């Protein structure tokens, strides 16, 4: 049984955020199915409004496929400046209720409401009030509330869109036990396959197993961490100084590449300069890292990544990883290339980073 820590943690998730901002800009979109992104042969859906989702349109879907599912679909070009401005407004609303707000992304925010005095300390009523203020701005949000970050995040998915769900401390163990393992952050499709092959399908299966079995299957750190999270143990605080965990750049190519030489040239002239710009003025060799990654997306929209551990960033390692990944294309051309650096995390043992994929 999970012991109550006395904390009140909420995760606020803005519903179809990019689409909501586009409706504020153009109210005529509200009654039409539309997607933010590109609708051409090389375009990809960034997000879709709920009318479009009724047709099966989803984020990361190729634009041409989305049009087949929904012939009347309207595509809107992303406006990141507008999304960032609205995200900043949302953050302003949240900090009126508590100074302990951790932006997890442009449209997700953790709140520590433990010391909150509004509504006699009720986290539920506070989140309802926050969500009402956001509606006045023109965006809706869903919220999960519990005594820890992981469960708050999972609970935020229960009442989407524009709802909220509470998991009390004494209910955490049972709530988690009934969930599919795919609901646990960090457990992706490949991890699910490995776990299912070993007889693990639900969180309850993990709760009842010997952690050493998981460690043999996933590695010492990931196995231990997954067992802890499935038990409902997550002591991570809401952090005001959230560190970037990865710096990456990627680009969908104007035309598919079929030769690695073309990819090498693109790496040299486009991706490396873009990544260097994001890192600032530091020299490559002065940037501390945990690893480097190259990502390729093929003409059939499947993708692959290759990573290596590295203590300092080395541009030459990206070329090595590119050559290692390229043969995986087989008879397919490459439509997207990305590179990234994983940064050191001083609080690594407390992070829910299973890295199972």
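Coordinate-derived values only; no laboratory data. Model, not experiment: these values are computed from the prediction.
A few notes on this one:
- Within a Gaussian network of the chain (alpha carbon springs, distance under 10 Å), most fluctuating of 68, 149, 295: 68
- Each 10 Å bin from zero holds the following percent of Cα-Cα pairs in region 246-342: 17, 53, 26, 5.
- As a ratio to 2.2 N^0.38 Å, the alpha-carbon radius of gyration for region 68-137 is 1.44.
- Global geometry of region 178-235, whether rounded, prolate or oblate, following the gyration tensor of its Cα atoms and the 1.5 cut on a/c: rounded
- Gap separating the Cα centres of region 173-205 and region 306-341, nearest whole Å: 30 Å
- Just checking the listed ones, 148, 330, 192: in the Gaussian network model of the chain with Cα springs under 10 Å, the one fluctuating most is 330.
- Stokes-Einstein D for the chain, Kirkwood Rh over Cα pairs, 37 °C, 0.692 mPa s (µm²/s): 146 µm²/s
- Kirkwood Rh in Å, taken over region 211-303 so that all alpha-carbon pairs contribute: 17.4 Å
- DSSP-defined antiparallel bridges as percent of all bridges, the chain, nearest 5: 90 percent
- Helix-only [θ]222 nm of the chain, DSSP H runs n ≥ 4, -39500 (n - 2.57) each, per residue, nearest 500: -9500 deg cm²/dmol
- Remark: relative contact order (the chain) = 15 percent; criterion is Cα-Cα distance under 8 angstrom and separation of 6 or more residues.
- For region 235-288 versus region 110-157, the inter-centroid distance based on Cα atoms is 34 Å.
- Relative contact order for region 178-235, counting Cα pairs under 8 Å that sit 6 or more residues apart, in percent: 26 percent
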